[in-house]
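Undergrad: To start, I am sharing the structure in question, which I have written as structure tokens.
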Amino acid sequence: MPGVPLHLPAALHAALWQHARSDPHHEVVGALGGVLHGETWFVHTLYPLPNIAPDPTREYLADPTYLLRALKAMRAESLDLVGLYHSHPRGPDRPSRTDTQLAAYDVPYLIADLRSGTLRAYLLPEAQEVALHVTDGPE
Ligand SMILES: [Zn+2]
């Protein structure tokens with residue numbers, strides 16, 4: 001089992017799925033703000049971002065202007081980037097080769113697989129799975 005856990009409040013878990021299902025034929029992307037305590041990531045905020053990939057049915061590219069804005073909003077609340085999520089409209093719940101090649105941040109990458117309804121998280125490029133804990137209420 002994976003050792004590094006990510007705690008995601010139930011309300012943000014729901015918001016992530018709502019975002020993914022709002023555009024079921026395109027990949028959606030977003031950023032997660034929070035804190036790292038020891039080896040555990042705690043998510044506090046979720047920022048949906050525009051997907052500006054040339055073919056959003058099969059890939060994602062977060063609009064850098066909106067990503068920068070989200071990072072600034074995190075800093076204003078003394079939060080850090082603790083995750084990036086995107087959806088796979090037709091699965092699978094694992095990172096694609098492109099996901100692995102383009103991963104630029106040392107935070108968990110969450111993948112919402114709309115086909116199977118599963119959400120999993122990985123550190124990339126190692127593809128080491130991160131244990132996802134959906135928690136009640138705010139952390
Ligand atoms: Zn992907």
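Nothing in this text is a laboratory measurement; each read-out follows from the coordinates by a stated rule. Everything numeric here is computed off the predicted structure, so don't read it as measured data. Neighbour counts run over all protein chains shown; Cβ positions are idealised from the backbone, glycine included.
Undergrad: Can you pull out every residue in the stretch 94-109 that is more than 10 Å from the ligand (Cβ to nearest atom) and not small (G, A, S)?
TA: Across the stretch 94-109, the qualifying residues are Q101, Y105, D106, V107, P108.
Undergrad: For the stretch 103-118, which residues satisfy the criterion of being within 15 Å of L84 (Cβ to Cβ), without any contact (Cβ under 8 Å) to a residue 40 or more places away in the chain and surrounded by 15 or more Cβ atoms within 10 Å (Cβ to Cβ)?
TA: Looking only at the stretch 103-118, we keep the residues that are within 15 Å of L84 (Cβ to Cβ), and these are 103-112.
With the extra rule that they be without any contact (Cβ under 8 Å) to a residue 40 or more places away in the chain, the set shrinks to 103-106, 109, 111.
Across the stretch 103-118, the qualifying residues are A103, Y109, I111.
Undergrad: Could you figure out which of (1) buried (at least 21 other Cβ atoms within 10 Å of the Cβ); (2) within 16 Å of the ligand (Cβ to nearest atom); (3) not small (G, A, S) isn't true of L8?
TA: So the condition that L8 fails would be (2).
Undergrad: Show me the strands (runs of 3 or more DSSP E) entirely contained within the stretch 1-94 in which 2 or more residues are over 18 Å from R120 (Cβ atoms) and either of a type outside the set (D, E, K, R) or touching an Asp or Glu at 6+ places or on another chain (Cβ under 9 Å) (or both). Show your work before the answer.
TA: On the way: elements: 5-9, 29-37, 40-49, 80-88.
Hits in the stretch 1-94: 29-37, 40-49.
Undergrad: Does A121 fit the bill of being small (G, A, S), surrounded by fewer than 20 Cβ atoms within 10 Å (Cβ to Cβ) and either under 22 Å from W17 (Cβ atoms) or touching a residue at least 24 places away in the same chain (Cβ under 8 Å) (or both)?
TA: Working: small (G, A, S): yes; surrounded by fewer than 20 Cβ atoms within 10 Å (Cβ to Cβ): no; either under 22 Å from W17 (Cβ atoms) or touching a residue at least 24 places away in the same chain (Cβ under 8 Å) (or both): yes.
Answer is no for this residue.
Undergrad: Can I ask one more? When the residues of the stretch 63-81 are filtered to those that are touching a helix residue (DSSP H, G or I) at 6+ places or on another chain (Cβ under 9 Å) and either within 16 Å of the ligand (Cβ to nearest atom) or of a type in the set (A, V, I, L, M) (or both), which remaining residue is nearest to Q101 (Cα to Cα)?
TA: Result: L81.
Every residue, every condition in (1) among the hydrophobic types (A, V, I, L, M, F, W, C); (2) more than 12 Å from the chain's Cα centre (by Cα), yes or no:
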position: L16; (1), (2): yes, no
position: T45; (1), (2): no, no
position: N51; (1), (2): no, yes
position: Y66; (1), (2): no, yes
position: P92; (1), (2): no, yes
